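Note sheet for the following structure.
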Amino acid sequence: MRRAYRFAPLDAYTFRQRLAIRAADLAFYIAIRLIGSTLRFRVEGQEHWDDATRGGRLPVYTFWHDRIFPGTYFFRRRRIVIMTSQSFDGEYIARFIQRFGYGAVRGSSTRGAVGALVELARLVRAGRPAGFSIDGPKGPRHVAKMGALLLAKKTGQPVLPFGVNAERFWRLPSWDGLQIPKPFTRVRVRFAPPVLVPPDADDAALELKREELQRALESVSP
């Protein structure tokens, strides 16, 4: 449990990489904290969040990778555990989200996925909600992957799709077109109905659920 909320050692990186990770971590943390404090959030679909958390359930939050900036600020200090990739980019992302009270489990669709899902399932069973930037770590952009659905199948928890949509933002030239909200802009947080995954879902059933999740994310994230 405690490992998810602590910085991982950087022994595997070169001295320059360690400096770059620490610099990127602090830069994003400061930017998100400063800009985030000026944003005006409005929640839509509160009934879907209520449904997903009824009876002590722990939703598996899912969102598009390009909304990680405002999403990090809005959901801060809720002990949500996020899967980050085992990479240079994944390490500084893990660090700045941990500064906002998130946990981080290292893994992705390409490296360490099985072990990370097992660790996430343990954390969910220990009372921690989980979250996925569902098209990460490298895309394709706005195409939902299976990770959140597999975790929902393993734990019995609902998948809760949401969008965090700033009215005015800058877009970075990254693979996902990362959105950075402009200060003092309005941000709509929109929840879609939860997606439920049966514990006996086979590959065909999971693909149908993935398509349902895809449609839900598209409906709340224009």
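The values are calculated or read from the model by the stated rules, or taken from the named source; none is laboratory data. The structure presented is a predicted model; accordingly, all values stated were derived computationally and were not measured. A quick note on method: Cβ atoms are made from the backbone with ideal geometry, for glycine too, and the neighbour counts reach across all protein chains shown.
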Residue count, the range 74-93, condition modelled with pLDDT of 95 or more, part of a helix (DSSP H, G or I) and buried (at least 21 other Cβ atoms within 10 Å of the Cβ), comes to 0
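To keep it simple, each residue is scored yes or no on (1) in a helix (DSSP H, G or I); (2) free of Cβ contacts under 8 Å to residues at least 24 places away in the same chain; (3) on the phi < 0 side of the Ramachandran plot; (4) buried (at least 17 other Cβ atoms within 10 Å of the Cβ).
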{"position": "Pro9", "(1), (2), (3), (4)": "no, yes, yes, no"}
{"position": "Ile30", "(1), (2), (3), (4)": "yes, yes, yes, no"}
{"position": "Trp49", "(1), (2), (3), (4)": "yes, no, yes, yes"}
{"position": "Ala52", "(1), (2), (3), (4)": "yes, no, yes, yes"}
Can you find a residue in the range 119-128 that is touching a residue at least 40 places away in the same chain (Cβ under 8 Å), within 22 Å of Val164 (Cα to Cα) and not hydroxyl-bearing (Ser, Thr, Tyr)?
yes
In the range 54-72, how many residues are in a helix (DSSP H, G or I) and surrounded by fewer than 20 Cβ atoms within 10 Å (Cβ to Cβ)?
3
Any idea which of (1) at pLDDT 95 or above; (2) under 28 Å from Pro140 (Cβ atoms); (3) surrounded by fewer than 21 Cβ atoms within 10 Å (Cβ to Cβ) is the one Arg111 doesn't satisfy?
(1)
Filter the range 191-222 down to residues that are touching a residue at least 60 places away in the same chain (Cβ under 8 Å) and in contact with a helix residue (DSSP H, G or I) (Cβ under 8 Å, 6 or more places away or on another chain), then give me how many there are.
9
Reported set for the range 163-222 where residues are surrounded by fewer than 20 Cβ atoms within 10 Å (Cβ to Cβ), over 19 Å from Arg141 (Cα atoms) and of a type outside the set (D, E, K, R) is Pro183, Phe184, Thr185, Pro193, Leu196, Pro198, Pro199, Ala201, Ala204, Ala205, Leu206, Leu208
For the range 134-150, which positions are in contact (Cβ under 8 Å) with a residue 12 or more places away in the chain and surrounded by fewer than 23 Cβ atoms within 10 Å (Cβ to Cβ)?
Pro137, Lys138, Gly139, Arg141, His142, Val143, Lys145, Met146, Leu150
